[in-house]
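Okay, so here's the structure we're looking at.
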Amino acid sequence: MKTLLLIPTKPERDAITATFKPRRSDWIIETLGFGVIAASVCATELLDLHQPDRVIVAGIAGLYRSDTDHKIGDAAWFDSVAIDGIGVGEAATYQAAEELGWAWFQPDAPASSSLTIPRPDFNHDHQGTTQLVTVCSASATLHEAAARRLRFPNAVGEDMESFAVAFACQRREIAVHVIRGFSNLTGDRDKSHWRIGPALHSVADRLSRLSNL
């Protein structure tokens, strides 16, 4: 099975590949780009170039403070990815595309801010829905993070690329998985509190387990 591993930035890629060495020759690792726009364009190009059987998105994410099943420095596979910001307004006034009755991709396609994706659950590390919210701009305050969590009650954290890749893959009927390491609490911009290294090491560990199957 040809696997395309997409990692948003070079620092994330360097940290993951420092310990993750796929034993199989059918793994391809590419740098995806930072943010929703770069992720959507680059994912499309890389899918066309490599024609993979499955895609894995890996990197860091912010963890919502109200989540009690995960902690900073850990990693998680996700079974749902949502997009926040396609609609009108912000914070308490925000309305998503589906609330407005807009089909945001094409006229005959229902609008949806959430996609279901398969989660490798060979290690059964979490039961129930584990959702990731993709955003164009990360939460800068506790207020912003809390507002997003209210809109997405099943969300564990937020990133800036995964929904774009998942959407591109589902349009092509390519299997996609998402794994993220929690580097910081959402809304906490004091990087002295962040644990990027341990988070990416946890991602590499989970990828190693998957690649050995």
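Listing for the model above:
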| quantity | calculated |
| --- | --- |
| For Ala175, residues with placed amide H under 5 Å, excluding near neighbours | Val55 |
| Long-range amide H partners of Leu5 with built H, under 5 Å | Ile28, Ile29, Glu30, Ile56 |
| Under 13 Å, Cβ to Cβ, from Glu158 - net charge with Lys/Arg +1 and Asp/Glu -1 | -1 |
| Structure-derived Rg and Dmax of the Cα atoms in Å: which label, when the choices are [x] 17.0, 52; [y] 16.4, 49; [z] 19.9, 58 | [y] |
| Residues of type lysines that Lys2 reaches as a straight line, Cα spacing below 21 Å, ignoring anything fewer than 8 places off in the same chain | Lys21 |
| Cα gyration tensor category, rounded, prolate or oblate, for region 1-100 with a/c compared to 1.5 | oblate |
| Net charge contributed by nearby residues that have their C-beta within less than 14 Å of Gln131 (K/R +1, D/E -1) | -1 |
| Radius 10 Å from Cβ of Thr141, net charge of other residues (Lys, Arg +1; Asp, Glu -1) | -1 |
| Sequence of Glu90, Glu158 when ordered by accessible area, the most exposed leading, probe 1.4 angstrom | Glu90, Glu158 |
| Nearest-10 value in Å² for the accessible area of His70, using the 1.4 Å probe | 30 |
| Unit charges on C-beta of K, R, D, E only; dipole of the chain, Debye | 600 |
| Whole-number accessible area per residue in Å² for the chain, which is evaluated in the context of all protein chains at 1.4 Å | 48 |
| Region 1-37 versus region 144-213: alpha-carbon centroid distance in Å | 14 |
| Trp102 - accessible surface, heavy atoms, 1.4 Å probe, Å² rounded to 10 | 130 |
| Per-residue HN-Hα couplings for region 28-37 [Karplus 6.51, -1.76, 1.60; θ = phi - 60°; Hz; x = Gly/Pro] | 10, 10, 10, 8, 8, x, 9, x, 5, 5 |
| Relative contact order computed over the chain (Cα-Cα under 8 Å; 6+ residues apart), in percent | 32 |
| Solvent exposure ordering (accessible area, 1.4 Å, most first) of Ser211, Ser192 | Ser192, Ser211 |
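The values are calculated or read from the model by the stated rules, or taken from the named source; none is laboratory data. Everything numeric in this text was worked out from a predicted model, so none of it was measured. Every residue, glycine among them, receives a Cβ derived from its backbone with ideal geometry; neighbour counts consider all protein chains shown. Remember, those area values only see protein heavy atoms, side chains included, never the ligands or the DNA or RNA. Shrake-Rupley method; radii C 1.70, N 1.55, O 1.52, S 1.80 Å.
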